[in-house]
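Asks: Below: one structure in structure tokens.
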Amino acid sequence: MVVVTSALRASVEDSGDHMAGLSRVRQSLAAIGHRLGTAWSPSYYGKDLVLVRAGKHAVPACLSMKPPAGGSDSDVRHGWAFDLVSLSGSDDERRERLLHACYAISMAARLRRDRPDLRPCRAHDVLLRVPGLLSPELAASLLAGVLVRPLGGTDEGSGARPGEDPRFPGVPSADAWDVFAQRPPQRGLYAVSDVHDIEWGTLDRESRQRLTEGSAHELLPLTAAWLDGSLPLTDVLDRAYRLRVRRESLLSRHLRTLNDAVTAGGRLFATLGDGLSGIVSDAALMRSAVLTANGESAGRMHSGAGVAPMDRLGLTAARRRAHFSLHVTKTLKGTGHQERFFHGFGTPLGSRTADSVVGFLSALRRAGPDSPGFHHLAHALRWRDWWHLHLPPTARVHLDQLFASIQESIPGTAAET
């Protein structure tokens, strides 16, 4: 089994648009699968390409070569790893081994993607290098960032039905969204949601008390034992996998609650890794849905959502504006402002809320490019004209000064209009 992963966030940042970046990654992985022909059976594990071939075989030669210049995958950074997996036993046993193997191999592929100097390509050999390479925080992020488990079968619930996302039973799949988007409605609001800080959770900005616990934060004790050698790799993977399955089940319930709460006047689709997008009838409906979902998973995870009206500019423009409003919620996470979980494009921010925005972005600037969440500053710079539209004059001046100090250090951030 071979798993090929990609630098999705980098592709999104380069594109300046989540859906455009996601499309680049999908096209890139599809091109790799096409080059391999019919000998290897391709499938997907989250956003990763999984290639399986019965028996023992050499790794496909094309994976070790640089993509051809100008090819559809030449501008997306990839990493890959492989392992030999025994799939004997009952259907349930085979499925469990397959998912467990995908988890480990995907982590190894991600590590090799981010550290191209790593020579081992068999998953076990790659992961044995982690204690000498990563801090406990980075190792926890590695364990937390790689699992999108198809739920159903022997898992909690009855599993996804036709037209639903296999990861999130009860939520319409992205395939349904693709059909829906060909003829979107002319009225309503485009809505997009995202779980805030799914890896590290959210802290209250004033008290520094933990509001939600992230999946990586939950794994820190395990990674500490991994790195100090007190727990072997096989035990680390087994325990981390069980924790990730529970976390994915919580995410599934959270997104299903959000989806169910808008069905009276809208439809959302699982088009993002830990969020939904679609069309709703009005802002009050979406705001109420977010409050409901956040209330049911309080202390564990919460989402923010942005909406923008559908108008003569069409779906693409509405989507970009809604993503800006989602970005507003992320800059205000951990505050007491209501925009921390919901914002509608065009709704101005008050002076106290604006102060919190400037404070958050200024703190990211001081922390530097290697700090968690620094990408929010790149988004803010790209969307500076829209920030002008939503902020009072004094905050605009402060933000312009901040942007002037960082613009040259963050390439690819032309203003969004």
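The values are calculated or read from the model by the stated rules, or taken from the named source; none is laboratory data. Keep in mind that what you see is a predicted model, and the values were worked out from it rather than measured. Here Cβ is always computed from backbone atoms with ideal geometry, including for glycine, and neighbour counts include all displayed protein chains. When the accessible area is computed, the model is the full protein with side chains, heavy atoms only, and any ligands, DNA or RNA have been set aside. Shrake-Rupley method; radii C 1.70, N 1.55, O 1.52, S 1.80 Å.
Asks: Here are some residues: ALA101, ALA61, ALA69. Which one is closer than 18 Å to SER43 by Cβ and either at pLDDT 90 or above or surrounded by fewer than 15 Cβ atoms within 10 Å (Cβ to Cβ) (or both)? Steps first, answer last, please.
Replies: On the way: ALA61 fails: closer than 18 Å to SER43 by Cβ; ALA69 fails: closer than 18 Å to SER43 by Cβ.
Testing whether each residue is closer than 18 Å to SER43 by Cβ and either at pLDDT 90 or above or surrounded by fewer than 15 Cβ atoms within 10 Å (Cβ to Cβ) (or both) leaves just ALA101.
Asks: On to the next question. What's the total number of residues in segment 33-57 that are modelled with pLDDT under 85, farther than 29 Å from LEU251 by Cα and either open to solvent by 50 Å² or more (accessible area, probe 1.4 Å) or not in a loop (DSSP other than H, G, I, E, B) (or both)?
Replies: 5
Asks: Here is a follow-up. For segment 77-103: of the residues being in a loop (DSSP other than H, G, I, E, B) and of a type outside the set (Ser, Thr, Tyr), which is farthest from the chain's Cα centre (by Cα)? It would help to see each step written out before you state the result.
Replies: Within segment 77-103, the subset in a loop (DSSP other than H, G, I, E, B) is 77, 83-90.
Now restrict to residues that are of a type outside the set (Ser, Thr, Tyr): 77, 83-85, 87, 89.
Working: ARG77: 17, ASP83: 25, LEU84: 28, VAL85: 27, LEU87: 29, GLY89: 34 Å.
Ranking the candidates gives GLY89 first.
Asks: May I pose another question? When you look at MET310, is it open to solvent by 10 Å² or more (accessible area, probe 1.4 Å) and either modelled with pLDDT of 90 or more or touching a His at 6+ places or on another chain (Cβ under 8 Å) (or both), yes or no? Working first, answer last.
Replies: Details: open to solvent by 10 Å² or more (accessible area, probe 1.4 Å): yes; either modelled with pLDDT of 90 or more or touching a His at 6+ places or on another chain (Cβ under 8 Å) (or both): yes.
Here the answer is yes, as MET310 does meet what is asked.
Asks: How many of the residues making up segment 104-126 are of a type in the set (A, V, I, L, M), in a helix (DSSP H, G or I) and surrounded by fewer than 22 Cβ atoms within 10 Å (Cβ to Cβ)? Give the steps one after another, and end with the answer.
Replies: Applying the first criterion (of a type in the set (A, V, I, L, M)) to segment 104-126 yields 104-105, 107-109, 111, 118, 123, 126.
Keeping just the survivors that are in a helix (DSSP H, G or I) gives 104-105, 107-109, 111, 123, 126.
When the remaining residues are screened for being surrounded by fewer than 22 Cβ atoms within 10 Å (Cβ to Cβ), the result is none.
Residues in segment 104-126 being of a type in the set (A, V, I, L, M), in a helix (DSSP H, G or I) and surrounded by fewer than 22 Cβ atoms within 10 Å (Cβ to Cβ): 0 in total.
Asks: Can you pull out every residue in segment 291-300 that is in contact with a His (Cβ under 6 Å, 6 or more places away or on another chain) and either surrounded by fewer than 24 Cβ atoms within 10 Å (Cβ to Cβ) or farther than 15 Å from ALA261 by Cβ (or both)?
Replies: Our first condition is that a residue be in contact with a His (Cβ under 6 Å, 6 or more places away or on another chain); within segment 291-300, this holds for 293-294, 297.
Residues satisfying the conditions are ASN294, SER297.
Asks: Scan (1) surrounded by fewer than 16 Cβ atoms within 10 Å (Cβ to Cβ); (2) in contact with a helix residue (DSSP H, G or I) (Cβ under 9 Å, 6 or more places away or on another chain); (3) of a type outside the set (A, V, I, L, M) for the single condition SER249 breaks and write down its number.
Replies: (2)
Asks: Checking the structure you have, find out if any residue of segment 233-242 is in a helix (DSSP H, G or I), open to solvent by 20 Å² or more (accessible area, probe 1.4 Å) and closer than 27 Å to ARG161 by Cα.
Replies: yes
Asks: Of all residues in segment 135-161, which are open to solvent by 20 Å² or more (accessible area, probe 1.4 Å) and at pLDDT 80 or above?
Replies: Hits for segment 135-161 are SER135, PRO136, GLU137, LEU138, SER141, GLY145.
Asks: Do we find that GLU218 is modelled with pLDDT under 90 and assigned to a helix (DSSP H, G or I) in this structure? Walk me through it before giving the result.
Replies: Values: modelled with pLDDT under 90: no; assigned to a helix (DSSP H, G or I): yes.
So GLU218 does not fit the description; no.
Asks: Which is free of Cβ contacts under 8 Å to residues at least 12 places away in the same chain and either farther than 30 Å from LEU285 by Cα or under 20 Å from the mean Cα position of the chain (by Cα) (or both), of ALA322, ALA380, ALA404?
Replies: ALA404
Asks: I would also like to ask the following. Filter segment 207-227 for residues that are touching a residue at least 12 places away in the same chain (Cβ under 8 Å) and among the charged types (D, E, K, R); which is surrounded by the most Cβ atoms within 10 Å (Cβ to Cβ)? Full working, then the answer.
Replies: So in segment 207-227, the residues touching a residue at least 12 places away in the same chain (Cβ under 8 Å) come out as 211-220, 222-224, 226-227.
Now narrow it down to the ones that are among the charged types (D, E, K, R): 213, 218.
On the way: GLU213: 16, GLU218: 21.
Out of the qualifying residues, it is GLU218.
Asks: Of the residues GLU339, GLU296, which is without any contact (Cβ under 8 Å) to a residue 24 or more places away in the chain and of a type in the set (D, E, K, R)?
Replies: Numbers: GLU296 fails: without any contact (Cβ under 8 Å) to a residue 24 or more places away in the chain.
Only one candidate qualifies: GLU339.
Asks: Something else: Taking segment 184-206 as the region of interest, how many residues are within 27 Å of ARG246 (Cα to Cα) and either more than 17 Å from the chain's Cα centre (by Cα) or surrounded by fewer than 16 Cβ atoms within 10 Å (Cβ to Cβ) (or both)? Even if it seems obvious, please write down each step before you answer.
Replies: Of segment 184-206, the ones within 27 Å of ARG246 (Cα to Cα) are 192-204.
If we keep only those that are either more than 17 Å from the chain's Cα centre (by Cα) or surrounded by fewer than 16 Cβ atoms within 10 Å (Cβ to Cβ) (or both) too, we end up with 203-204.
Count: 2.
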